[in-house]
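Data block below; observations after.
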Amino acid sequence: MATKVLMPQLGESVTEGTITKWLVKVGDVVKKYDPLAEVTTDKVNAEVPSTVSGRVTEIVVPEGETVAVGTLILYIEEEGGAAEPQTPAAADVSAAADTTVSAEPVSATPNDPSRPAAAAKQQGGKQRYSPAVLRLAQEHGIDLSRVQGTGLGGRVTRKDVQAIIDAGGQPPAAAETPAAAETPAAAAPAQQPAEVAAVSAPSAQHAAPAVSAPAATGANAFDIPVAPGDQIIPVTPVRRTIANRMVQSKHEAPHAWTMVEVDVTNLVNFRNQVKEEFKRKEGVNLTFLPFFIKAVVEALKEYPMLNSTWAGDKIIVRKNINISIAVATEDALFVPVIKDADQKSILGIAKSIEDLAARTRAGKLTMDDMSGGTFTVNNTGSFGSVLSMPIINAPQAAILSVEAIVKRPVVIDDMIAIRSMVNLCLSLDHRVLDGLICGRFLQSVKQKLEAIGPDTKLY
């Protein structure tokens with residue numbers, strides 16, 4: 001009997017994945033744990049391993065398609081077994097039995113005359129679509145009941161919707177010819193029944209906010225004109241996830257922000273004195289960021305409310321202090337996590353930063369690297385920024401941006417002096433935090449940074 005291989009959950013909060021490349025083809029013999037496909041999720045790229053040894057008998061999901069966790073992607077006939085022939089419809093029905101329904105799928109209106117093959121595309125009176133298809137159609141104002149599916153069993157795939165978007169949007173229903181509108185289902189081109197397997201929709205915590213997209217009336221679904229020579233860049237799964245989560249954070253969390261300026265002259269002098277020897281001994285660059293993270297970690301111990309999460313009817317104060325850091329690549333922003341940062345020295349933090357940054361840019365982050373963060377430190381100063389208001393990395397309660405260190409004239413004891421100054425900008429979730437505790441937290445960070453000197457321990 002053929003074994004079903006399902007889209008695995010490649011980490012906490014991951015709800016779907018895109019098959020970017022199949023590493024096997026029908027007829028190939030694979031061993032247990034052999035890689036079957038390369039999958040892109042909203043966090044990392046990973047390989048899907050085989051769960052059994054045997055021969056690939058059917059690939060269900062084509063390359064480039066995004067499907068939910070738990071969706072059937074291929075069949076493998078185990079060694080010593082015989083695969084039972086299955087029709088596409090039977091495969092879909094069996095997939096439905098193995099997949100959890102977590103949201104009511106969109107149902108097409110039976111009396112809609114704009115659906116020439118509606119009867120042929122339904123089973124049980126309902127047409128069902130994957131969460132990725134639903135979201136893309138909603139964002140671009142696509143009426144899925146009027147889309148001709150090319151997927152298994154005539155289902156509508158993400159590629160079908162993207163093709164309509166790339167072609168300039170979906171024409172109004174009135175533009176269809178009367179003959180096409182009146183064509184009975186029996187006279188429509190032969191189709192197989194649509195997939196009846198309902199897939200798990202993203203949880204409310206991670207799903208994008210519902211936004212009503214305008215109908216397609218112009219050059220594209222948002223009626224934004226495209227001039228000759230304009231470049232159109234397809235939205236990658238990672239970029240779409242960043243967009244959705246940033247919108248979600250701004251919609252759900254009432255953002256407030258505050259800032260302090262810190263005199264880090266002593267920190268700059270100390271770091272300049274020890275960085276060469278540090279690099280020679282440890283093989284790691286000593287940047288300013290580990291000092292800032294160390295100060296933040298010590299302040300979080302004093303004010304643990306900033307290391308917390310809003311959970312609807314309760315606030316969860318995290319025991320572990322796991323610091324998320326923002327690492328930019330050419331086309332995306334990743335937020336890997338320094339686990340148990342409160343147990344690390346400045347050297348330990350520096351090594352963690354260099355390791356995470358290197359693996360991020362090499363595309364080798366794991367799901368464990370990306371999960372479990374409790375507070376985020378964002379080094380916007382590396383780009384020369386002197387003031388910013390970062391968006392909270394939900395579900396965390398706060399995020400701190402470290403701006404550029406610049407020399408400025410300041411007044412000390414009624415005298416003007418040139419000092420190295422830096423702004424620390426804190427965005428906070430006002431459901432969890434108030435100005436008093438955040439002000440005290442920032443003052444604690446400030447005091448710790450200004451106290452750095454020759455006696456500061458690096459190990």
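Nothing in this text is a laboratory measurement; each read-out follows from the coordinates by a stated rule. Everything numeric in this text was worked out from a predicted model, so none of it was measured. Here the Cβ positions follow ideal geometry from the backbone for every residue, glycine too, while neighbour counts run over all protein chains shown.
A few comments on the model shown:
- Spin-label pair I416-V274: with each label point 7 Å from Cα along the Cα-Cβ axis, the two points sit 3.4 nm from one another.
- Gain in span if fully extended, K364 to D340, counting 0.36 nm per residue against the direct Cα distance: 6.6 nm
- Nearest-0.05 FRET efficiency for D434 and S382, computed from C-beta distance (R0 30 Å): 0.50
- Summarising the label geometry, the points placed 7 Å from Cα in the beta-carbon direction at T329 and A311 lie 3.2 nm from one another.
- Under Karplus coefficients 6.51, -1.76 and 1.60, residue-wise ³J(HN,Hα) of region 346-363 in Hz, glycine/proline x: 4, 4, x, 5, 4, 5, 5, 4, 5, 5, 5, 5, 5, 6, 5, 6, 8, x
- Long pairs among K4/K319; K351/K448; K4/K159; K250/K339, criterion Cα-Cα beyond 30 Å: K4/K319
- For region 318-459, the fraction of alpha-carbon pairs in successive 10 Å shells from zero, as %: 10, 34, 38, 15, 3, 0
- Note, ³J(HN,Hα) from phi for region 377-394, Karplus 6.51, -1.76, 1.60, rounded to Hz, x at Gly and Pro: 10, 10, 8, 6, x, 5, 9, x, 5, 10, 7, 7, 10, x, 8, 4, 8, 4
- Projecting label points 7 angstrom from Cα along Cα→Cβ for V247 and T20 puts them 2.4 nm apart.
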